Structure formats: structure tokens, C-alpha cells
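Q: Structure in C-alpha cells, see below.
The values are calculated or read from the model by the stated rules, or taken from the named source; none is laboratory data. Every value quoted in this text rests on a predicted model; they were computed, and no experiment measured them. Here the Cβ positions follow ideal geometry from the backbone for every residue, glycine too, while neighbour counts run over all protein chains shown.
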Amino acid sequence: MGIAISRIEIDGFRSIGDRLVLDLGALNALIGPNNSGKSNILLALRRVLVPDWLTVNSFSEDDVFRRDPNRDLTITVSFREPLKYEQFKGQFLDVPCLQFRYTTYKVGANKGERRLEKRCIKPDGKPVFERTQATGAPNFRPMTSIPNPVLEGIPLIYVAANRQVKDHLPGARGSLLGQLLGDIDRNLRQTYERVVIYGGDGAQELSRYEAFAHHISEALRLLRTSDFVAMENAIKRNALFQLGFDPDADSEKLDIQFRALSSMDFYRALRIYLQESPDFAVDAVDLGGGFQNAIVMAILKAFEEGQKKGAIFLIEEPELYLHPQMQRSLYKTLRRISETNQILYVTHSASFVAVPEYQDIVMVHKVGGRTRVRRSSMSAGAHVLEKLRKELDPTRSEMFFAARVLVVEGPTERLAFPEYASRMGLDLDQANATVVEAGGKRNLKIFAELAASFGIETGLLFDTDSSDFANKRDAEAEFNAELEGLRSAGIQVWSVAPNYEGFIRGEMGEAIYQSHCSRYPGVSKVVRARQMASDESIPIPGFVPPVLTWLCPAQARNPATQDSSQ
């Protein structure tokens, strides 16, 4: 994979008031409510790993938790494999971790003024030692800063929520195209493919890179007008004079001249244009936001198709401007890219998380105004993951974004409960609650444990007598006991005897139940259950209100907080 971050530790940066430790995998989806601090995690990494020149002015008091002037801000980045720093030619140092501390002078004339400490450290926090000289007896001292080549060697690419093509053109640091064209330029210099050029000396066979250098030199020769030569000579003469030389007698001692572009310089100067007609083109940076987003995402796709390796991507809201099908397509692209690169992204879309890949998800939330993170505490073997993949349904991924989740057996309950909620004046969306269908009774336990493992308030509703256990009543009784036992894990559990339809039949009486059913002929049992749930003339079953008031506790306690449209 190349360079990859294994852990980030952040303390005192913006909303991160206490030390936050986050271990990273290849793909990391940061999800959580607005203003929970998701983007601050990406921003912390970008702030220290992307800038052209990292100084104390790269930070401000706005970056410090609650703008506390006495508070330090610390960001520590650990790498899966140590970074390599060539201190002397052929002599490399291992740098496992980088630490950045925005602090203050504690004593002296500058006491209280901000300063930035940059350190190369080991996992135990002790400094990395460097040699004091290239040869002779080894003598070592602690490294007092982070050499620029170390930071410049980290291939970090940032894709902001505001998708602007200018940020990804080859000349922008940490850009997608810069990474792609950098690889192309290296290959150009190493290839020995020959091309024939023609000039005053006749035909010459050169490598592609040599031919480029020749043509660039010829272009510069054409541009060397008399005005250009006069300017060049004036700069040379004045430089000699400023340095104490005689501009005439010592002209051979110092030569100043303009050189032509290198191949990478040329690539960096490239821009993207939209050719609207044969005689009219528009610079992509002048296009609308949707079109610029499409170009940036197209560059990301090209990165994937080129099977590039070793980059670290920070992506804000990849779902922006994309309809659902393209969101799912881009999620697949990110998963493929993560096979050989590392990706951290912030998302509010269920299309960018998947139940089987729950271990990629980082839940970001606030406690007491301070950002916290958590991953799932559930350990799943191959058979559990396979079961989750078998039951894959994009709508189930919504549970990761909910404050409360009710897990039910099948589509009957999933479709009926929102209708009952509406009749009770409860709004599941406003309550940030969702009903998740597990795809059968046997899957209830896995889905409930998965939701609860992220700290999501979780409830479970099951039929005591399910068709999933036909002719296996002893096994079902044992499984029912397991479901009831989930209460000890903090999961709310309700049961319906013998099952959803049977309970309603028994509560209404068979004749009344059949009379209600006759109003909805020619539809499936699932559709009929939803239509009956929405029918104001049919009483709400007794087991439903306790479940829904648990799902929407604030609304149930204070009806005035409900949406006025109901």
C-alpha cells in the first residue's frame, strides 16, 4: 500500500477537547450528526500534512479548543511503516510518528506567545535520534524538528466539499492530477521509446524525454527576442554589481540565465478546458459547481482505473451533486482505491456505508461539547459477515445514521410501523429513528447487536411463533430466550405472540379482522398490513404504542415538539 497512517491522536484542536485516539484501516467512513466534529478530524490531518510551509502561522486561536489561550493543541500521526528520511546520501532514518504541538513559550521575554513544535518521535513518545555527521564514529542527537523532505514525501490528497477544479490541477499541492501526472512524468523519464525529430542537423532519433527537452529549448530560442536578451543581461550585470564584481571585467565569474521548463513544469502548467464548439472553449475553473464536481470525480475514477498506489485521501462528502446510482458507483470506486491506498471520508449518505463492512465505520459524536469517536465493539467471524452480505440491502445502512433503531423480522412490520407512528402524531424522521428489517427472525440478534455495538439505542421486536422455525419449536424456544437475554446488553426487547398477524386477529376477533381485510382485496399480505395500519378506523394494536413511544421519546413526552404539519 505504501505510506499509510495507522493512528491519529488529537488533543485540543477545535471541538476535540480531550485526547482523541483513532486507529485507521484502509477505508474509514466518518459518520455522525452535523457539528459533531467529523470534518475537524480531516482538517487536523490536512493542516499538518498538506501545507507548503508549516509554521506557527498555520494555526490560530480559532483552532484551539474553546479558544483557550493557555491550552496547547497537539496532533500526532503514526504510520503503518516508518517514514524514511535520507539524512545523508545513502543513509536513512526511520521516522515512525510525527507530532505537532501549537503551544506557548513558558518563560522568558516571549512568555505567552504562540510557537509550533514539530517533532519526529517513536511510538513511546521518545525522540528519533539523528547522526551528527555522515562519516566517522557514530554520534547521535535528538531530532529537534521535522525535515521538509519528510513532510513532502507524504502523498496526501484532499478533496474538499467545495469541489473546485483549481484545487486538483497539476500545479496545486496535494492534487489528484498532480499525483497522476507525477507518475506519468517519472515513467516518461525512464522510458526508452524512440522518436524522430527534424531540425537543422537533419533527422535525429531521441528518447521521448530528450525530444521534449529539445523542442522546449527551441521554443525558448524563439522567445528570446532582443527585449528578452536585454532584460536577461541587465539582471546579470546588476547582480554582479550588487555582489561586488565588475560587470564588465568579471562577467565570466557569474552567469545568470533563464532555463526552459522541465517536463513536470510543463505538466504542472496544464489546465482543463471544455470545448463547447470548434472555436470556443471554457476554462473548467469557470464552470458551475455541478460540472466542476463531475470533473473532480472523473479524475478520481481515472486514479482508480490507473491502479495508482500509496496515496492517502481525505474526502469531504463524496455524495455531493450525485444521484443515488452514481453515489453507489462512487462508493465501489472508493472501495477499489482503498485496496492499494488509504481513504478517510466524511459522509451523510447511507450509500457510502455498508452493513457487511461495518468495521470501516467510525461513529463521531459529541459528549459535553467535546468530540468523541467509536468503532463497533462487535467481533464477527466469517460466517456472520457472510450472513450480513447475504442480507445486504442499502436501506439497512440507514441504521448507522439513526439515534434509535428498531429491528424487526420482515417487511410487514417495517412498512406498518411508520403508518402507526403517523397516526399517533409521531415523526420517525424528526426523531432520527429508523425501522430496520433483518430479513427473517434468525437475523434479528445479529442486526440488534451490530446497532448496539456502535452505541446506538436499539430495540428489537420478534414473533414468538415464526415461520422461520416451522416444525422446530424447541429450537425456537431456545432462540426466543436468547433474544430476551439481549436485555442484559441494554437492548429493548418486545415480543408478539404468536406473531404479528395472529396478535391482531386475537385482539380484534376473527370476524372483525376478516371484515377489515375485505376492504383491501387483491393485494399481498404485506401491502394489506400497511394499508390497514394507515386506516384511521382500525384500532392500533396494543403492542405498537409502547414500541413507538420508545422510538420517539421526546415527541411522546412533549407533543408540542412534533412537526406542526401533522
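Q: Could you please give the count of residues in the stretch 215-271 that are surrounded by 11 or more Cβ atoms within 10 Å (Cβ to Cβ), within 53 Å of the chain's Cα centre (by Cα), of a type in the set (S, T, N, Q) and part of a loop (DSSP other than H, G, I, E, B)?
A: 1
Q: Please pick out the residue among 380, 350 that is touching a Pro at 6+ places or on another chain (Cβ under 7 Å) and of a type in the set (Gly, Ala, Ser). Steps first, answer last, please.
A: Working: 380 fails: touching a Pro at 6+ places or on another chain (Cβ under 7 Å).
Only one candidate qualifies: 350.
Q: Here's something else I'd like to know. Out of (1) within 30 Å of residue 389 (Cβ to Cβ); (2) more than 42 Å from the chain's Cα centre (by Cα); (3) surrounded by fewer than 18 Cβ atoms within 10 Å (Cβ to Cβ), what's the single condition that is false for residue 511?
A: (1)
Q: Determine which member of the set 501, 478, 507 is assigned by TED's automatic domain parsing to the domain that holds residue 453, under 26 Å from residue 404 (Cα atoms) and out of contact with any Asp or Glu (no Cβ under 7 Å at 6 or more places or on another chain).
A: Result of the check over 501, 478, 507: 501.
Q: So how many residues does the stretch 9-42 have that are crowded, with 20+ Cβ neighbours inside 10 Å, in contact with a helix residue (DSSP H, G or I) (Cβ under 9 Å, 6 or more places away or on another chain) and hydrophobic (A, V, I, L, M, F, W, C)?
A: 8
Q: Working only within the stretch 173-190, note down all residues that are buried (at least 17 other Cβ atoms within 10 Å of the Cβ), of a type in the set (A, V, I, L, M, F, W, C) and either without any contact (Cβ under 8 Å) to a residue 40 or more places away in the chain or closer than 17 Å to residue 310 by Cβ (or both).
A: Correct list: 176, 177, 180, 181.
Q: On the given criteria, is residue 75 aliphatic (A, V, I, L, M) and part of a loop (DSSP other than H, G, I, E, B)?
A: no
Q: Whether any residue in the stretch 338-360 is within 22 Å of residue 433 (Cα to Cα) and aromatic (Phe, Trp, Tyr) is what I want to check.
A: Yes - at least one qualifying residue is present in the stretch 338-360.
Q: Can you tell me which residue within the stretch 134-166, out of those that are at pLDDT below 85 and out of contact with any helix residue (DSSP H, G or I) (no Cβ under 7 Å at 6 or more places or on another chain), is surrounded by the fewest Cβ atoms within 10 Å (Cβ to Cβ)?
A: Result: 137.
Q: Next question, about the same structure. Return yes or no: is residue 70 modelled with pLDDT under 95 and outside any helix (DSSP H, G or I)?
A: yes
Q: Another question, then. Just to check your reading of the model, which residue among 405, 362 is part of a strand (DSSP E or B) and within 16 Å of residue 25 (Cα to Cα)?
A: On the way: 405 fails: within 16 Å of residue 25 (Cα to Cα).
One residue alone meets the criteria, 362.
Q: Can you tell me which condition residue 233 does not meet? The list is (1) in the same structural domain as residue 332 (by TED's automatic domain parsing); (2) free of Cβ contacts under 8 Å to residues at least 12 places away in the same chain, and all the others hold.
A: Answer for residue 233: the failing condition is (1).
Q: Which one of these is buried (at least 17 other Cβ atoms within 10 Å of the Cβ), within 30 Å of residue 501 (Cα to Cα) and in contact with a Pro (Cβ under 7 Å, 6 or more places away or on another chain): 388, 330, 406, 415?
A: 388
Q: Can residue 425 be described as in contact with a Pro (Cβ under 7 Å, 6 or more places away or on another chain), within 28 Å of residue 554 (Cα to Cα), surrounded by fewer than 19 Cβ atoms within 10 Å (Cβ to Cβ) and of a type outside the set (Asp, Glu)?
A: On the way: in contact with a Pro (Cβ under 7 Å, 6 or more places away or on another chain): yes; within 28 Å of residue 554 (Cα to Cα): yes; surrounded by fewer than 19 Cβ atoms within 10 Å (Cβ to Cβ): yes; of a type outside the set (Asp, Glu): yes.
The answer is yes for residue 425.
Q: Filter the stretch 310-353 for residues that are touching a strand residue (DSSP E or B) at 6+ places or on another chain (Cβ under 8 Å) and either part of a helix (DSSP H, G or I) or aromatic (Phe, Trp, Tyr) (or both) and give the result.
A: Selection gives 313, 334, 335, 337, 345, 352.
Q: Still on this structure, I have one more. Determine, yes or no, whether residue 521 is more than 21 Å from residue 465 (Cα to Cα), of a type outside the set (A, V, I, L, M) and in contact (Cβ under 8 Å) with a residue 12 or more places away in the chain.
A: Here the answer is no, as residue 521 does not meet what is asked.
Q: Which ones in the stretch 333-355 are farther than 16 Å from residue 39 by Cβ and either polar (S, T, N, Q) or surrounded by fewer than 19 Cβ atoms within 10 Å (Cβ to Cβ) (or both)?
A: Answer for the stretch 333-355, where residues must be farther than 16 Å from residue 39 by Cβ and either polar (S, T, N, Q) or surrounded by fewer than 19 Cβ atoms within 10 Å (Cβ to Cβ) (or both): 333, 335, 336, 338, 339, 340, 341, 342, 351.
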